[in-house]
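As C-alpha cells, the structure follows; a few thoughts come after it.
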Amino acid sequence: MKITKLSLLIAIIFLPFILLSQEDTSKENDGKEIKEKRVRDHGLILLLGPALNYHYGPKGGDTAYNNNKISFQMDGQFGFLSTRHNTNRGNFLGVFGSFGSISSDVLQEVADHAGTEIQFKQKQFNQFYSVEAGMIVFNFIRLSGGLGRQFYEDIANNISSINYFSITGGLNFNFGAVNLGVNANLLTGDDLAENQLRFSTGILIKF
C-alpha cells in the first residue's frame, strides 16, 4: 500500500509536466492554435481530478509522519475565470468541492486526543466531503471557505457524522488543460473540539 500511494503521488506531480511538454510541441506547430486556446480559456470552467491527502491532525496531537494518515480524495471546481490581454493570469471565482476518506485509526486518534469516549469501527473508508466558495487570485493563489462533514461508524454499528467549518488556502499551477493544486485545509468549529489540519495535492483536468 505504501508503494502504491507513493507511485500515485509521483504520477500526480509529474503528469502535468508530461502533458505540458506535449502541449508545447503542439503549440510550436501551430501559432494560430495558441491564440485560439488562450481566448477560449476563460468564462465558465469545470475542473475535476484525483488527489492525495495527509491528515496532519491537531496542533498538540501526534504530528509524526504516519503512512496511515495518507488517503485519497476527488476534487472539483466550477466557476468563472476572467482573463486579461489573452493571458492565463486571470481570477477564478466559484465553488470548490472535495470528497474522500480517512482511516479509522486517524479518526480514533482525533477522538482520543479530544477526550471523547467514542470507539470507531475499523474501516479503511470513512467518507468526508466539503463544499466551499472562494476564488483563485491570478489563477495561482486559492482562498476559500465553507462547510464540511466527516462520517463514521462506531463499534455498536451506529452511523453518525461530525460537522465542521472548512477553510482552504493553496497554490494552483496552471499547465493549460491540467492544473496542479497544493492545498492546506483547516477544519474548525461546530462539532470539532480542536482544529484539524489536512494537506492535499492533486491534478485537476479542465472540461
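The values are calculated or read from the model by the stated rules, or taken from the named source; none is laboratory data. What you are looking at is a predicted structure, and each value in this text was computed from that prediction instead of being measured. As a convention, Cβ positions derive from the backbone with ideal geometry for all residues, glycine included, and neighbour counts pool all protein chains shown.
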When you check Phe138 against the structure, is it on the phi > 0 side of the Ramachandran plot and aromatic (Phe, Trp, Tyr), yes or no? yes
Go through the range 152-186 residue by residue and tally those that are under 19 Å from Tyr54 (Cα atoms) and buried (at least 16 other Cβ atoms within 10 Å of the Cβ). 14
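Do we find that Asp75 is outside any strand (DSSP E or B) and either acidic (Asp, Glu) or surrounded by fewer than 18 Cβ atoms within 10 Å (Cβ to Cβ) (or both) in this structure?
Working: outside any strand (DSSP E or B): no; either acidic (Asp, Glu) or surrounded by fewer than 18 Cβ atoms within 10 Å (Cβ to Cβ) (or both): yes.
Taking the combined requirement at face value, the residue does not satisfy it.
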Tell me yes or no: at least one residue of the range 80-88 is modelled with pLDDT of 65 or more, surrounded by 15 or more Cβ atoms within 10 Å (Cβ to Cβ) and touching a Leu at 6+ places or on another chain (Cβ under 7 Å). no
Name the strands (runs of 3 or more DSSP E) wholly within the range 125-180 that hold at least 1 residues that are of a type in the set (D, E, K, R), out of contact with any His (no Cβ under 9 Å at 6 or more places or on another chain) and at pLDDT 90 or above? 126-137, 141-153
Count, please, the residues in the range 107-142 that happen to be more than 18 Å from the chain's Cα centre (by Cα), within 21 Å of Thr168 (Cβ to Cβ) and aliphatic (A, V, I, L, M). 2
For the range 98-117, which residues satisfy the criterion of being surrounded by 17 or more Cβ atoms within 10 Å (Cβ to Cβ), hydrophobic (A, V, I, L, M, F, W, C) and outside any helix (DSSP H, G or I)? Ile102
For the range 181-196, name all the residues that are at pLDDT 90 or above and out of contact with any helix residue (DSSP H, G or I) (no Cβ under 7 Å at 6 or more places or on another chain). Gly181, Val182, Asn183, Ala184, Asn185, Leu186, Leu187, Thr188, Asn195
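Just checking, how many residues over the range 99-124 are free of Cβ contacts under 8 Å to residues at least 60 places away in the same chain and farther than 18 Å from Ile159 by Cβ?
Of the residues in the range 99-124, 3 are free of Cβ contacts under 8 Å to residues at least 60 places away in the same chain and farther than 18 Å from Ile159 by Cβ.
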Pairs, first closer than 19 Å to Thr188 by Cβ in the range 45-71, second charged (D, E, K, R) and not in a loop (DSSP other than H, G, I, E, B), C-beta under 6 Å, six or more apart: Asn53/Arg198; Tyr54/Lys69; His55/Lys69; His55/Arg198
Residue under question is Gly148, and the condition is that it be buried (at least 17 other Cβ atoms within 10 Å of the Cβ), more than 16 Å from Leu197 (Cα to Cα) and either free of Cβ contacts under 8 Å to residues at least 12 places away in the same chain or small (Gly, Ala, Ser) (or both); does it hold? no
